[in-house]
Structure formats: C-alpha cells, structure tokens
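Q: Got a structure for you, written out below as structure tokens; questions coming shortly.
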Amino acid sequence: MSDKVLMKGNEALAEAAIMAGCRHYFGYPITPQTEVAAYMSKRMPKINGVFLQAESEIAAINMVIGVASTGKRVMTSSSSPGISLKSEGISYLAGCDLPALIVNVQRGGPGLGGIQPSQADYFHATRGAGHGDFHLLVLAPASVQEMVNLTFKAFDLAEKYRMPAMILSDGTMGQMMEPVSLDAGEIHEYDKSWALTGTKCERKPNIINSLCLQPEELERLNVERYERYKIVERDEVMYEEYMMDDADVCIVAFGVAARVSQNAIDKARAAGIKVGMIRPITLWPFPKKVLLDTADRVKAFISVELSMGQLIEDIELATRCKKPVLLCSRVGGMIPSTDNVLDKIKEADKIGGAN
Amino acid sequence: MATVFSKPEALTDAPLHYCPGCTHGIIHRLVAEAIDELGVRGRTIGVASVGCSVFTYNYFNCDMVQAAHGRAPAVATGVKRSDPNNIVFTYQGDGDLAAIGTAETVHSAARGENITVIFVNNAIYGMTGGQMAPTTLPGQVTQTSPYGRDVNTVGYPVKVCEMLSKVDGATYLERVAVNNVKNVRAAKAAIKKAFQNQIEGKGFSLIEVLSTCPTNWGMTPDKALGWLEENMIPYYPLGVYKDKYAESEVK
C-alpha cells in the first residue's frame, strides 16, 4: 500500500490513467473537467507521452480511435455537451471492438445546460452513447479513491473485453479533494494481435472496421458482441451495500447521490428507521440480481439521483416492479440535501404500514 | 520470361468494386506503387474514409483502419502519434474531406501532422448516388442540384489546395489529375513525394487528385475524361500550391 496523498478528483483520475500505462490523451476544453486536460498537458511531455488539444470533441474521440487501433491505452475526457459530440466516435469504438477510456464529468443539461454537477447523462451512458446496438462499460466513482481505482479497472476491463469504457463522474467528484492511495496494482496483458502495428511484411494486414454490408454477417457480429456482453454482465458487476442486513427500505444511488444518501441513512438509523443502500459501482453492467433478490425482503426502494428519473427505470426493471420505487431527485446542478433524502426515507418507511 | 509489368505488392488481389471507367483504380495503383518503391509497406497504416473509397481497406495490402465520415485525419493523427515510425496515409473523397471533415482537414494541416493525405476530387458524392459535393462546379447538375449548382443559393465550390496554402502548418500541397498519361505520371510523382516527405519527417502533405465519376456524371468513361479536362482543370488549376521546403531552399 503506497502512502496517501491529497488530490483533486480530476487530477487523481489523470494520474491513475498514467500509472495504468496510458500515454495518449486527447481532449477539448470544457468545464468542469478541465483539470484532467491541464494535468495531462503538464505530465505527458515529461514521460514521453502525448497530450494533444484537439480542434473539437469529435476530432479528440477520433484521435482516440487512432491510438486505440494500434493497441495502446488511450483516453479522452469531457463533460456532457462534449460527450454528445463524441457519441459518433463512441459508436465506432464499439463497432470496431476497440478498448478506450472516456471520462464524462457530468454537468446539468440538456443543451448547454449549466456547469454544476449532474447525473443526467445516465441514459446516454447506459442506453444511447451513440447509434446502434452496443454497450459501454460504465463505472461510477463515489470518492476520489474510486476515481483512481475505477480508472485502473476501466482500462483493464476495456482491454479484457475489447470495448470502450466510461467513467461517469460529475462536477463534485471531479473537484473535491480527498486523500488517495495511488497504487495501480498489477497491469494485465491481453492479446493485441488485432492491433495495427504495421505488417512488417510478415503477416496479413489487420483491418479495424465497423462496416459490414451483408446483413447476415452484420447480425452475426452484433450477436457475437452481445454474447461477450453477457459474460461482462455475469462476471463484472460491482456494487457496495451499506446497512442492508436488516433494511426495510433500500436506497439505490451512485456517485455524489450515494454520499448524500449515506448521511441520510445514518440520520434515519438514529431515528430507528431500518434503511440501507445498494450503491451500483458499475452502471453497466447494472447490479440487477442483487436488486431483484433485495426486492423480496424490503418494502420499498428509493432512487436518489441528480436527474429527472433515469436510474429509477433500471431499478424498476431489475426488481420487475415487485416493490414501489420512490424518486428523490434534484437537477440542473442542484444536489439533494440530506433532509431531502431523509424525508423520502420516512415516506418510504410508511409504505405497507409496517413497523 | 521477364516481367515488365505487375500488380504492386501494396495492392491485394481483391477485385475493385469501382464502376467501369472510374479513376479511383488508377489512384489506388499510384499510391501502392509509391509505397512499394519507397519500401515502407511493412510500416504503413492506411486510414479509409466514407464514400466510394470506403473499401480501400480491402485493397491496400497494409494495416488499415476505417474512419467515420470526415474523421480520417483525426484518426490518422492518433495512429501517427501512437508510433511516429509508422507511415500513415488517409484516402478521402471530396464530401469526406471538404464538407463533413473540413475541420479535421484544416487542423491536421495546421498542426503539421506528419501524414500523407490523398484527396480524390470528382466533384460529386459517388457512393450515395450523385449528390452535390462541396467541389461540384457552378452550374453542374447533380441529384441534389437538378437545375445546376446555383452559387447564389448554395454558394461556391471549396478549393482545398488554395485554402490550405494559407495554412502555415502545411508542408506540401499539389493538385494533379489522372485523365491522361502525362497527368497520371505527374500524379505519381506528386504522391510519391507526399510519402517521401513523411518518411523525412517534413510534415503534412496533401495531394488533390482530380478524378472522374462517369456513372454519376452520366457520361461514358471517355467523355468523362474530356469533361474533367475541359471543366474541372480550368476551375481547379493543376500545380504545386505549397512546398515549404522548396521555398526555403530558394531563400
């Protein structure tokens, strides 16, 4: 275990990426993720890495595609409006089966929106990060330490399954400072025989491509990709439980919403209400099974989110609407207060007339 | 028996899908010959674009990546920056390079990316069936300019070499044509120089190749070659628009 250092979330993420072996960063300035780019612009030249400020978000994600095609670890970061622009490239990454890391430090939307924290890109990240049938690995840190750990994890999973990964963060995670341990752990080596390294006139050309005009073949490629996704859903789900052993009410929240919820749970417990939390760490793959199992032993769920009811849909799907799911949400850059969550806990606790 | 003419090694044996009389095939051959003659096939990585030339990844016998519409220079930037020893080229049409990918074109030139761009200008969108391109000539009839390109409503064609000649980062810009033997020979020399520049680390080279599209122009191949000579070359004059190193040698 290395010594802990005090770091800002965005900078900790950037340093973690470097420790994970990422030597290529492409980005475009946008609040509130600028620290990632600024950090990379300082560090990369000193370690023979590449920092390049692209002419657009679109160019940045396509530069990412270029490096990813050569089999090297590469990343970009942006915030919500910029991520919309990257969607084309994200779809191509998925269609070309290329690993890469995309960081979304979310802000309020839609449109230009605001610059304060938000989770309103949940649907975009988990459902529609571009055209076509595909998934991103979506990891949601709830501390600066997780900004580090999940960055290592994201690079690893992306290479393991040859698919793009996204860190879905927000302005609070990016800006806050906490002590962190920067220990990358072991970096796994995966097969890269597909990478464009030049044939050296010794092998057949490698082709990175997402075009396929034969419908039977394109269907086969999609089905194969989804077989791989099934393995990810089986093996890579990450979540954390908090006080769930005897809980009657289960909060589901990620990122900053989970931190607020934890405070509210402590207060509610002090008042004798049995409430706990399941915090998804992977938003895709979503922790469906634990939620379904939990639905048999709680009387209600609460979705605490910084969006107008997006996460709640996955909770309802996962639990097959077996129990009521209440929504506690603030948007536009607002964050639910502990009391907002506490009020919703009390409301949920009255359901079914228990206690 | 002595072999006097053969297929370049940098081309695969895949049959080209291009329409009869289309000059893409000639340009493919010139690019492949340049790669062979410079001995760089084993470290060449090509970037295919969107349009008729999308399938170049099947034709060039080197590692290839297929980029989204207009994004080839950005993808090429990533490939080149990943390993500067790679020889990286893009092969793009006019819609790809001069419309949807204008920003990527201009900024890869501005950065002086050490890549080679082969820009095929046939004044029309071929793959989608003959729509007006950024390089469609004034008055030219296409599927989406059925009364002829009206510059008062849709504006003027983009002259890429002229535009990029004002970009400090660009190293070498030349416009060539492949409508007759003399021009094909000049095109070959220009393309080879564009690769040679990259090998020598000289920076961004773009060769604009005036090309025909008999199918969508609605002409026989022979007539199309004549139309290129009579209509395209006057609007898009051939020649070197920038040669940074020649300029410095003169000085």
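Where a number appears in this text, it was derived from the coordinates with a stated rule and is not lab data. As the structure is a prediction and not an experimental result, all values here were calculated from the model. Cβ sites come from the backbone with ideal geometry, for glycine too, and all protein chains shown count toward neighbours.
Q: Counting only other chains, what is the mean number of Cβ atoms within 10 angstrom of the Cβ of each residue in peptide B:34-42? Working shown, then result.
A: Numbers: counts 0, 0, 0, 0, 0, 1, 2, 5, 7.
For peptide B:34-42, the averaged partner shielding equals 2.
Q: So what does the Cα-only Debye profile of segment B:105-251 read at q = 0.14, 0.17 Å⁻¹, as log10 I(q)/I(0), no solvent term?
A: Taken in order of the listed q values, log10 I(q)/I(0) reads -0.69, -0.96.
Q: Now for a separate question. Do the sum for chain A: with -39,500 (n - 2.57) for every DSSP H run of n ≥ 4, divided by all residues, what is the mean residue ellipticity at 222 nm, to the nearest 500 deg cm²/dmol?
A: -12500 deg cm²/dmol
Q: Work out the charge dipole of segment A:42-184 with +1 on the Cβ of Lys and Arg and -1 on the Cβ of Asp and Glu about the Cα centre, then indicate which of A:Met173, A:Val103, A:Val74 is farthest towards its positive end.
A: A:Val74
Q: OK, next. List the DSSP H helices in chain A whose Cα atoms stretch 20 Å or more along the helix axis and whose mean Kyte-Doolittle hydropathy is at least -1.0.
A: Membrane-span-like by this rule: A:80-95, A:144-161, A:255-270.
Q: Distance between the C-alpha centers of segment A:117-148 and segment B:143-189? Whole Å please.
A: 43 Å
Q: Would you mind checking which residues have amide H under 5 Å from A:Val103's amide H? H placed 1.01 Å from N; only 5 or more apart, or other chain.
A: A:Thr76, A:Ser77, A:Ser78, A:Ile167
Q: Could you identify which residue out of B:Glu33, B:Glu104, B:Glu200 has the top mean-square fluctuation in a GNM of chain B using Cα springs shorter than 10 Å?
A: Of the options given, B:Glu200 has the highest mean-square fluctuation.
Q: If you don't mind, there's one more thing I want to ask. Tell me, what does the Kirkwood hydrodynamic radius of segment A:95-239 come to in angstroms if you use every pair of distinct C-alpha atoms?
A: Details: mean 1/r = 0.0576 Å⁻¹.
The answer is 17.4 Å.
Q: Beyond 22 Å between alpha-carbons counts as too far, so tell me which of A:Lys200/B:Lys7; A:Lys8/A:Lys42; A:Lys289/A:Lys346; B:Lys80/B:Lys182; B:Lys192/B:Lys244; A:Lys274/A:Lys344 fall in that bin.
A: Check vs 22 Å cut-off fails for A:Lys289/A:Lys346; B:Lys80/B:Lys182.
Q: For the residues A:Thr172, B:Thr102, what sequence is obtained by ranking on other C-beta atoms within 10 Å, fewest first? If you can, show how the numbers build up before the last one.
A: Working: A:Thr172 22, B:Thr102 16.
Sorted ascending by nearby Cβ count, the order is B:Thr102, A:Thr172.
Q: Which one of B:Ile27, A:Ile345, B:Thr142 is farthest out on the positive end of the charge dipole of the protein assembly as shown, using unit charges on Cβ (Lys, Arg +1; Asp, Glu -1) and the Cα centre as origin?
A: Positive-most Cα among the choices belongs to B:Ile27.
Q: When ranked by the protection proxy of mean other Cβ atoms within 10 Å per residue, highest first, what sequence do the peptides A:40-51, B:113-124 form? Provide the component values of the computation, followed by the final result.
A: Values: A:40-51: 14.8, B:113-124: 27.2.
Output ranking for A:40-51, B:113-124: B:113-124, A:40-51.
Q: Could you let me know the centre-to-centre spacing of segment B:39-110 and segment B:195-251, using Cα atoms, in angstrom?
A: With segment B:39-110 and segment B:195-251 each reduced to a Cα centre, they are spaced 17 Å.
Q: In debye to the nearest 20, how big a dipole does the protein assembly as shown give about its Cα centre with +1 on each Lys and Arg Cβ and -1 on each Asp and Glu Cβ?
A: Working: 61 positive and 67 negative charges, 119 e Å.
Charge dipole of the protein assembly as shown: 580 debye, to the nearest 20.
Q: Still on this structure: Using amide H atoms built in the peptide plane, which far-off residues or other-chain residues are under 5 Å from B:Lys242 H to H?
A: B:Leu173
Q: So what J values fall out for segment B:194-200 if you push phi through Karplus, 6.51 cos²θ - 1.76 cosθ + 1.60 with θ = phi - 60°, rounded to Hz, Gly and Pro as x?
A: Coupling constants for segment B:194-200: 5, 6, 4, 4, 5, 4, 8 Hz.
Q: Can you give the Rg/Rh ratio of the protein assembly as shown, where Rg is from the C-alpha atoms and Rh is the Kirkwood radius?
A: 1.05
Q: Another one. Kirkwood Rh, Cα Rg: Rg to Rh for chain B? Present the calculation step by step, with values, prior to reporting the outcome.
A: On the way: Rg = 17.1 Å, Rh = 18.0 Å.
Rounded to two decimals, Rg/Rh equals 0.95.
Q: Next question. Which one, A:Ala184, A:Gly49, A:Ile18, is farthest towards the positive end of the dipole of chain A when Lys and Arg carry +1 and Asp and Glu -1 on their Cβ?
A: Final value for the positive-end residue is A:Gly49.
Q: Counting only other chains, what is the mean number of Cβ atoms within 10 angstrom of the Cβ of each residue in peptide A:53-60?
A: Counting Cβ atoms of other protein chains within 10 Å of each residue's Cβ and averaging gives 5.
Q: Then there's this: Bin by bin, in steps of 10 Å, what percent of the Cα pairs in chain A do you find, going until the bin that has the longest distance?
A: Histogram of Cα-Cα distances, whole percents per bin: 6, 25, 33, 23, 10, 3, 0, 0.
Q: Quick one: dipole size for segment A:239-350, taken about the Cα centre, charges +1 on Lys/Arg Cβ and -1 on Asp/Glu Cβ, in debye to the nearest 20.
A: Around 120 debye, computed over segment A:239-350.
Q: Here is a follow-up. How large is the translational diffusion coefficient of segment A:98-174 in µm² per second when you combine the Kirkwood radius over alpha carbon pairs with Stokes-Einstein at 37 °C and 0.692 mPa s?
A: On the way: Rh = 12.8 Å.
The calculation lands on 257 µm²/s.
Q: Still on this structure: Evaluate the distance, in nm, between pseudo-label points positioned 7 Å from the Cα of B:Thr3 and of A:Ser56 along their respective Cα→Cβ axes.
A: 4.4 nm
Q: Hey, another quick one. Students often check this: by mean Cβ neighbours within 10 Å, which of B:25-32, A:124-131, B:68-75 ranks highest, and how do the rest follow? Before the final figure, lay out the partial values.
A: Working: B:25-32: 22.0, A:124-131: 19.5, B:68-75: 28.9.
Averaged packing, sorted descending, gives the order B:68-75, B:25-32, A:124-131.
Q: Subtracting the Cα-Cα distance from 0.36 nm times the residue separation, let me have the gained length for A:Phe123 to A:Cys212 in nm, one decimal.
A: Taking 0.36 nm per residue and subtracting the Cα distance, the gain is 29.3 nm.
Q: Where the centroid of each part is defined by its Cα atoms, how far is segment A:256-318 from segment A:333-351 in Å?
A: If you average the Cα positions of each part, the centres end up 12 Å apart.
Q: Pop out the ³J(HN,Hα) list for segment A:164-172 in order, Karplus 6.51 cos²θ - 1.76 cosθ + 1.60 with θ = phi - 60°, rounded to Hz; leave Gly and Pro as x.
A: x, 10, 10, 8, 9, 10, 8, x, 5
Q: Which value at 222 nm does chain B reach when only helices count, each DSSP H run of 4 or more adding -39,500 (n - 2.57), with the total divided by all residues and rounded to the nearest 500 deg cm²/dmol? Before the final figure, lay out each step's value.
A: Values: 10 runs with 85 residues, N = 251.
The per-residue figure over chain B is -9500 deg cm²/dmol.
Q: Using the crude model of +1 on Lys and Arg Cβ and -1 on Asp and Glu Cβ, and no other charge, please compute the dipole size for segment B:1-94 relative to its Cα centre, in debye to 20.
A: The calculation lands at about 220 debye.
Q: Ok, one more. Name the long-range amide H neighbours of B:Ser211: under 5 Å, sequence gap of 5 or more, or other chain; modelled H, no Pro or chain starts.
A: B:Asn121, B:Asn122
Q: Another question, if that's okay. So how far apart, in nm, are the two label points at B:Thr12 and A:Met238 if each is 7 Å from Cα heading toward Cβ?
A: So the label points at B:Thr12 and A:Met238 sit 3.8 nm apart.
Q: Compute the projected area of the convex hull of the Cα atoms of segment A:228-355, averaged over all viewing directions, and report it in nm² to one decimal place.
A: Working: hull surface 29.5 nm².
That works out to 7.4 nm².
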